[in-house]
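Worksheet for the structure shown next.
The values are calculated or read from the model by the stated rules, or taken from the named source; none is laboratory data. Because the structure is a prediction, the values reported are computed rather than measured. All Cβ positions, even for glycine, are placed from backbone atoms using ideal geometry, and neighbour counts span all protein chains on display. Side chains are part of the model used for accessible areas, which takes the heavy atoms of the whole protein and leaves out ligands, DNA and RNA. Shrake-Rupley method; radii C 1.70, N 1.55, O 1.52, S 1.80 Å.
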Amino acid sequence: MTTTATKEALLRGLSRIYEESQLSLLRLVAERLARGAESPNWALDKLMELGFLRQDAQRVLKKTQREAVEQIVQIVQAFYSGGQADELETAVRLGLAGRTVAKGRGIVSESVKMLVAEGLSFTNRMGSRVLRDVDDVYRRVVAEASGLELSGTLTRVQVMQRSLDRFADAGVTGFVDRRGRKWEMQAYADMAVRTVTHHASTQGHLDSLAARGRDLVIVSDHKGECPRCRAFEGKVLSISGQAPDHISVAQARSNGREHPGCRHRYGIYLPGITPPPEPQGKPEDYDLIQKQRAMERGVRQAKRRAAVAATPEAKAKAGALIRARQKQLREHVAEHDLKRRSDRERVMRNG
C-alpha cells in the first residue's frame, strides 16, 4: 500500500522538477544578458545570441518534460491506489469487506489512463508558451537597456536589473487561464498536479465503492473551504446517478465540485447510520488561507529575484526582501493558527 509519506514525496519530487526548470530558465536569461554588459556592441551581440538562448531553453524544457511524464504516471497510480485503500479500510471498519468485490475488468486501467492523460495535458500546454515568454522577455530587456541607457539617466546594468526583477516577479509564464490570468510555471504545475492527484484519489475511492455495490457517498467538511464548495458539504450524492432524490457525483462536479485546489473527499453513506460531518473552522478561514497563499507567492517571487540578481547590491536587496516576507508569513500563520507549508515557499537551487 502506498503511504501518505510516499505520496507526498512523489508530489515534492515533481514540484522540484518544475522549480529547478524555472530557475534554470531565469538564470539562462540573466547570465546571457549580463555577459559582456560593458561592450559598446552589447545590444547587437545579445540579439545575435537569441538563437543560442532558445536552444538552451529547449534543452531545459525537454529534460523537464521527460522527468515530469515519468513522475506523473507514478503519482496518479499512487493516489488512485491510495483512494482504493482508503475505501477498503473504511469497509473493514464497518464490517462490509466480506462481500465479494466485482473486479470489473478494464475499469481501473481505463480510469488510470484517463487521469494520466489529464495530468500530461497540463504539462503539454506549457512548452510553447514558456519558450515565447523567455524569448519576449529577453528581447524586451535588450530594448529597454539600450533605450534608457542612451538617455544617460541610468546605467545599462541598472536598467537590465530592473527589467530582470520584473521578469522574476512575474515568473516564467507557463499557462494563461480562461480569465486571462498568467500562471508562472511553479504555481501552475503545483495547482495542476494537486488537482489531478485529488481526482485520482477520489476516483479510486469511488471506483472501489461502486465495485463493492455501494452507490451513495457523503461529501466531507474541512476548514477553509471555498464558498463554491461550502454548499456541498454534508450532501449525499449518487455515484451512478440512478438514486432517487440525490444528484450524481458527475452533476456535482459540473457545478464546481473538485475544482483546482479542492480538498473535499467522499465517504461511504449508509442511510440511517452515517452521521453528517462535523463543521470545521469558520467561514473567514477561507480568506485567511488565501492571504497565506498570496504571502507564499510573495516569498517565491523574492527568491526568483535573488536568482536573477546581476550585482551584489541586487543580491543583498533580494535577500532582505526574502527575510521580510518570510517574517510576515510566520506572523500571519501564528496569529491565525494556520499550517505553514514550507514547500509552497521554496524555490530550488541548482547544484
Checklist outcome for this item: Karplus ³J(HN,Hα) for the stretch 296-308 (6.51 cos²θ - 1.76 cosθ + 1.60, θ = phi - 60°; Hz, whole; x = Gly/Pro) runs 4, 4, x, 5, 4, 4, 5, 5, 5, 4, 5, 5, 9
Checklist outcome for this item: So, with points 7 Å from each Cα along the Cβ direction, the residue 316-residue 44 label distance in nm works out to 3.7 nm
Checklist entry - Angle between the Cα long axis of helix 126-151 and the longest principal axis of the chain, 0 to 90 degrees, nearest 10? => result 30 degrees
Item to check | Radius ratio Rg over Rh of the stretch 57-98, counting only Cα atoms, Kirkwood formula for Rh | outcome: 1.41
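Tell me the carbon and sulfur percent of the accessible area for the stretch 166-272, rounded to whole percent, probe radius 1.4 Å. Show your work: numbers first, answer last.
Working: 2360 of 4590 Å².
Within the stretch 166-272, the accessible surface is 51 percent carbon and sulfur.
To the nearest 500 deg cm²/dmol, what mean residue ellipticity at 222 nm is calculated for the chain from DSSP H runs of n ≥ 4 alone, each contributing -39,500 (n - 2.57), summed and divided by the residues? Show your work: numbers first, answer last.
Numbers: 11 runs with 225 residues, N = 351.
Computed ellipticity for the chain at 222 nm equals -22000 deg cm²/dmol.
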Checklist entry - Considering amide H positions built from the backbone, and no H for Pro or chain starts, which residues 5 or more places from residue 265, or on another chain, come under 5 Å of its amide H? => result 220
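If you roll a 1.4 Å probe over the heavy atoms of the protein chains, what accessible area per residue do you get for the stretch 39-79, in Å²?
Numbers: 2360 Å² over 41 residues.
Normalised by residue count, the accessible surface of the stretch 39-79 is 57 Å².
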Checklist entry - Which one of 160, 48, 191 has the biggest mean-square fluctuation once the chain is modelled by GNM with Cα springs under 10 Å? => result 48
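Of all the accessible heavy-atom surface of the stretch 30-101, with the other protein chains kept in place and a 1.4 Å probe, what percent is carbon and sulfur? Don't skip to the end; give the middle numbers.
Numbers: 2200 of 4180 Å².
Roughly 53 percent of what the probe reaches on the stretch 30-101 is carbon or sulfur.
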Next on the checklist: Ordering 289, 239, 273 by accessible area with a probe of 1.4 Å, largest first, what comes out?
Outcome noted: 273, 239, 289
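Jot down the per residue volume, in cubic angstrom and as a whole number, of the convex hull over the alpha-carbon atoms of the stretch 233-351.
Details: hull volume 19.1 nm³, N = 119.
Normalising the Cα hull of the stretch 233-351 by residue number yields 161 Å³.
Excluding residue 233 itself, calculate the net charge of residues whose Cβ lies under 14 Å from the Cβ of residue 233, where each Lys or Arg counts +1 and each Asp or Glu counts -1.
On the way: positive: 223, 228, 230, 235, 257, 263, 265, 282; negative: 221, 225, 258, 278, 285.
Charge balance near residue 233 sits at +3.
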Item to check | Candidate aspartates and glutamates - alpha carbon under 13 Å from residue 317, same-chain residues fewer than 8 apart omitted | outcome: 165
Checklist outcome for this item: Tilt, helix 156-170 to longest principal axis of the chain (alpha-carbon atoms), in degrees rounded to tens, equals 10 degrees
Checklist outcome for this item: Ranked output for segments 19-27, 131-139 by mean other Cβ atoms within 10 Å, highest leading, reads 19-27, 131-139
Next on the checklist: So, R0 is 22 Å and r is the distance between the beta-carbons of residue 336 and residue 5; what FRET efficiency does that work out to, to 0.05?
Outcome noted: 0.25
Item to check | Karplus-derived 3J(HN,Hα), 6.51/-1.76/1.60, for each residue of the stretch 8-15, Hz, glycine and proline x | outcome: 5, 5, 5, 5, 5, x, 5, 4
Checklist entry - How much area per residue is accessible in the stretch 219-290 when the probe is 1.4 Å and only protein heavy atoms are counted (Å²)? => result 56 Å²
Checklist entry - Any idea what angle helix 50-93 forms with the longest principal axis of the chain, computed on alpha-carbon atoms, 0 to 90 degrees, nearest 10? => result 20 degrees
